[in-house]
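Peer 1: Take this structure, written in structure tokens, and hold onto it; I'll ask about it next.
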Amino acid sequence: MKANGQATTVLVRRIVIAAMMVAITVLLGLLPVGGFIPFPTGVNATTLHIPAIVGGILEGWVVGGLIGLFFGLFSLIRAATPIFKDPLVAIIPRLFIGVTAYLAYAGLKPFNELLAIGVGAAVGTATNTVLVLSLAVLRGYMSIGLAGTVALTHGIPEIIVAVVITVSVVAAWRQISTRSRGSSV
């Protein structure tokens with residue numbers, strides 16, 4: 001009976017974290033800055049993919065993929081440009097953000113958890129950038145040269161922002177989670 005209760009607890013935790021991360025994605029998308037952090041270079045780094053990364057690292061690839069799906073749907077609904085009005089570009093790449101973040105994290109976690117979180121964040125961000133830009137080129141929305149420029153000017157700042165935020169959030173969450181498990185209520 002205890003195993004069944006633990007499985008239920010894990011499922012409830014995964015649902016709650018997925019719901020929280022989807023809500024954060026929507027909130028970021030609705031803010032006036034649109035989930036973007038301006039850099040001194042004039043480039044804005046998006047933060048909308050970070051909840052999918054955090055969810056994937058905290059609760060696995062299924063949760064990360066689900067959050068990414070909602071990010072993609074939100075991106076499609078709020079699209080202001082033709083590139084993101086295309087469901088293949090707006091949704092498909094986002095499904096893989098949390099999945100690849102989790103896989104990178106899981107592969108490195110036995111060696112160094114903090115490094116694993118950072119690499120997971122970088123891989124999840126790069127997944128979004130590479131897949132969106134690749135599909136944009138394949139679908140004829142931009143040239144390969146423009147995609148390369150966007151990858152460098154947007155991708156690198158987004159990786160930096162994602163690593164800093166993800167490491168901070170996941171480390172804080174793990175600390176809170178560890179403390180709450182250690183105390184009896």
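Peer 1: Give me the pairs, please: first residue somewhere in the range 22-41 and under 14 Å from PHE71 (Cβ atoms), second residue anywhere and surrounded by fewer than 17 Cβ atoms within 10 Å (Cβ to Cβ) and at pLDDT 80 or above, beta-carbon distance under 7 Å, and either six or more positions apart or on two chains.
Peer 2: These pairs meet every condition: GLY29/ARG78.
Peer 1: What's the number of the condition VAL123 fails, among (1) surrounded by fewer than 16 Cβ atoms within 10 Å (Cβ to Cβ); (2) under 13 Å from the mean Cα position of the chain (by Cα)?
Peer 2: Going through the list (1) surrounded by fewer than 16 Cβ atoms within 10 Å (Cβ to Cβ); (2) under 13 Å from the mean Cα position of the chain (by Cα), VAL123 breaks only (1).
Peer 1: I want to confirm something. Restricting to the range 130-185 and keeping residues that are charged (D, E, K, R) and at pLDDT 90 or above, which single residue is farthest from LEU115 (Cα to Cα)?
Peer 2: Among residues in the range 130-185 that are charged (D, E, K, R) and at pLDDT 90 or above, the one farthest from LEU115 (Cα to Cα) is ARG139.
Peer 1: Confirm whether GLY107 is among the small types (Gly, Ala, Ser), at positive phi and without any contact (Cβ under 8 Å) to a residue 12 or more places away in the chain.
Peer 2: no
Peer 1: Something else about it: Quick one: THR9 ticks every box in (1) over 22 Å from SER168 (Cα atoms); (2) modelled with pLDDT of 90 or more except a single one, so which number is it?
Peer 2: Just one mismatch for THR9, condition (2).
Peer 1: Here's something else I'd like to know. Please specify each residue of the range 71-87 satisfying the condition of being surrounded by 13 or more Cβ atoms within 10 Å (Cβ to Cβ) and in a helix (DSSP H, G or I).
Peer 2: Answer for the range 71-87, where residues must be surrounded by 13 or more Cβ atoms within 10 Å (Cβ to Cβ) and in a helix (DSSP H, G or I): PHE71, GLY72, LEU73, PHE74, SER75, LEU76, ILE83, PHE84, LYS85, PRO87.
Peer 1: Right, here's the next one. So, in the range 38-83, of the ones that are at pLDDT below 90 and of a type in the set (Phe, Trp, Tyr), which residue ends up farthest from the chain's Cα centre (by Cα)?
Peer 2: PHE39
Peer 1: Filter the range 127-142 for residues that are surrounded by 20 or more Cβ atoms within 10 Å (Cβ to Cβ), in contact with an Asp or Glu (Cβ under 9 Å, 6 or more places away or on another chain) and either not in a helix (DSSP H, G or I) or not polar (S, T, N, Q) (or both) and give the result.
Peer 2: ALA136
The values are calculated or read from the model by the stated rules, or taken from the named source; none is laboratory data. Everything quoted here is computed from the prediction, not taken from an experiment. Note that we place each Cβ from the backbone using ideal geometry, even for glycine, and neighbour counts take in every protein chain shown.
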